[in-house]
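S.K.: Okay, handing you the structure first.
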Amino acid sequence: MNHALPEKIVSLIFLAAKEQKLRKAIFSKPDDKSIQKVVLTLRIHREQLLLQAETFHRDNKVTHKNFLLDPSVVPSLTDFGSAFSQINLITTEGECEYRYSSSGKCTLLGGDKLEKRLLQSSAENIVTPIANNREKQYILNGTEPFLQLLGVSDARGRVYDRKQAKFRQINRFLELIRDIEDKLPSEKIRICDLCCGKSYLSFAVYHYFANIKHYQVSMTGVDLKSDVIEHCNKVARTLGFDGLEFLCGNICDYTPEVLPSLVISLHACDVATDFVLTRAAEWKTDVILSTPCCHHELNHNIQCPSLSFITDYSMLRQKLCDAATDALRLCRLEAQGYTTMALELIDPDETPKNIMLRAIRKKNFDPNSPSALAARERYRQAKRFLCGDSVGEFHF
């Protein structure tokens, strides 16, 4: 249970940090049993001193929280530390230990002695703050004009707080594209973004190939929403993205004059993802990158008695159907001549819709080869296992 943390221990941490004598402060015996410990160290970021709390969770995750090295931080640090029953402060001038017992007794061992040493210490034997280089180096930095026009960043290139997750998502998508560049044509490329929506990815991918890689790019985004398409075309014209166009229409009715080497799609809802994958495979696209959105069809129609111990529970049934639907999609693409993989697009804490389906077309694929026939049979058996006699009624 949280308790009032004595001002003395917090003041000592702050004093040690301010004098650059802090080696570390270890917060242990937390009230939250999902946490192992927190280690507080001195950092420097953009020429500013910070206290960084590194939290070690029992599921092996590590998270970080920064505190400005300013007197105003004392209340926040006090609240933070009140959830721990032991704090060990380690400095270049000595150590002290704070304990809070189950009976409610607070004890600070060595606090007065350490405070005296810190106040009398010289400029020698200081701790050099660790440069906080944990910031990821992104492909985009926020100053790109298309990010500003799409409302991701401001005129100075600062990414809006509410768009930080979108910014990371866009950059991660570009990193995944960079990983498969060798599977695509060089210098000249044709791309389609199916169910493009607001087209953050369309603009990012076009910018990447046209302005960073300096390819000749022809790219089309297709979506049913006419107002969105109109806006995207206006933004493309404003940016001078001459090789980027947006069309209003059903992707099932769309056939490009020049077939694409790359098809992308972000969060096409439910069976719309299946329509995307179907069109891309029909066009024999070299690389397909698709991140599905919601999964409803299998959840509503799964007929598998062997899995009833899962499907009897609605929440678990949905999780099972999410994974099974994407697995079936990958199986189908393998049967159509692709090497497939499921990848994490972004941290699941930011969005549960974080799985990317990646498919790379095999060279010289023979649909009648034994491996192709086996892949088709594997797909049919998996689909029949999940859907029973209704196997032919579904889109995946």
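Just so you know, all these numbers are worked out from the coordinates, no wet-lab data involved. In this text, all values refer to a predicted model and were calculated from it rather than measured experimentally. Using ideal geometry, Cβ is built from the backbone for each residue, glycine included, and neighbour counts are taken over all protein chains shown.
S.K.: Counting other Cβ atoms within 10 Å, which chymotrypsin sites (Phe, Trp or Tyr not before Pro) in segment 73-155 have at most 10 and lie in a DSSP loop?
M.R.: none
S.K.: May I ask for the angle, rounded to the nearest 10°, between helix 164-179 and the longest principal axis of the chain, with both axes built from Cα atoms and the value confined to 0 to 90°?
M.R.: 60
S.K.: Pop a pseudo-label 7 angstrom from the Cα along the beta-carbon direction at both PHE365 and ASN141 and give the gap in nm to one decimal.
M.R.: Those two pseudo-labels are separated by 4.0 nm.
S.K.: Starting from the amide H of GLN336, placed 1.01 Å from N in the peptide plane, find each other amide H under 5 Å away whose residue is 5 or more places distant or on another chain.
M.R.: Amide H neighbours of GLN336, under 5 Å, 5+ apart: none.
S.K.: Which residue, SER314, PRO370, VAL276, has the largest displacement toward the positive end of the dipole of segment 175-393 when charges sit on each Cβ (Lys, Arg +1; Asp, Glu -1)?
M.R.: Positive-end residue among those listed: PRO370.
S.K.: List GLU124, GLU187, GLU297 from most exposed to least, where exposure is judged by having the fewest other Cβ atoms within 10 Å.
M.R.: Working: GLU124 6, GLU187 9, GLU297 18.
With the sparsest Cβ surroundings first, the list reads GLU124, GLU187, GLU297.
S.K.: Between THR107 and LYS65, how high is the FRET efficiency from 1/(1 + (r/R0)^6) when r is the Cβ-Cβ distance and R₀ = 41 Å? Nearest 0.05.
M.R.: The pair THR107/LYS65 has a calculated efficiency of 0.95.
S.K.: Okay, moving on. Considering the values (1) 143; (2) 195; (3) 127, which represents volume of the Cα convex hull per residue in Å³ as calculated for the structure under consideration?
M.R.: (2)
S.K.: Expressed in nm to one decimal, what extension gain is obtained for the pair GLU181 and VAL39 from 0.36 nm per residue of sequence separation less their Cα-Cα distance?
M.R.: 47.1 nm
S.K.: What FRET efficiency, computed as 1/(1 + (r/R0)^6) with R0 = 56 Å and r the Cβ-Cβ distance, is obtained for LEU49 and ALA323, rounded to the nearest 0.05?
M.R.: Numbers: r = 46 Å, r/R0 = 0.81.
E(calc), rounded to 0.05, equals 0.75.
S.K.: Which of ARG117, ARG156 has the fewest other C-beta atoms within 10 Å, and how do the rest follow up to the most?
M.R.: Values: ARG117 16, ARG156 8.
Final ranking by Cβ density, sparse to dense: ARG156, ARG117.
S.K.: Using alpha carbons only, how many degrees (0 to 90, rounded to 10) separate the axis of helix 226-239 from the longest principal axis of the chain?
M.R.: 70
S.K.: Same structure, new question: By count of other Cβ within 10 Å, fewest leading, how are ARG376, ARG178 ordered? The partial results should precede the final answer.
M.R.: Numbers: ARG376 16, ARG178 13.
In order of increasing Cβ crowding within 10 Å: ARG178, ARG376.
S.K.: Let me ask something else. Sticking with the crude label model, points 7 Å out along Cα→Cβ, report the distance from ILE26 to GLU7 in nm, one decimal please.
M.R.: Going by the 7 Å Cα→Cβ label model, 2.9 nm.
S.K.: Mind giving me the nanometre distance, one decimal, between the label points for LYS213 and LYS188, set 7 Å out from Cα along Cα→Cβ?
M.R.: Distance between the two pseudo-spin positions: 1.5 nm.
S.K.: Using θ = phi - 60° and the Karplus curve 6.51 cos²θ - 1.76 cosθ + 1.60, what whole-Hz ³J(HN,Hα) does each residue of segment 312-322 get, with Gly and Pro shown as x?
M.R.: Taking θ as phi minus 60°, the curve returns 6, 10, 4, 5, 5, 4, 5, 4, 4, 5, 4 Hz for segment 312-322.
S.K.: Sticking with this structure for a sec: Using 0.36 nm times the number of residues separating GLN381 and SER72, minus their current alpha carbon distance, what extension gain do you get?
M.R.: 104.9 nm
S.K.: Between 0 and 90 degrees, rounded to the nearest ten: what's the tilt of helix 111-120 against the longest Cα principal axis of the chain?
M.R.: Once rounded, the angle reads 90 degrees.
S.K.: What number comes out for the charge environment of MET219, summing +1 per Lys or Arg and -1 per Asp or Glu over other residues with Cβ under 11 Å away?
M.R.: Net charge in that neighbourhood comes out at -2.
S.K.: Between ARG117 and ARG58, what length comes free when the chain is fully extended (0.36 nm per residue of separation minus the Cα-Cα distance, one decimal in nm)?
M.R.: Result: 17.6 nm gained on full extension.
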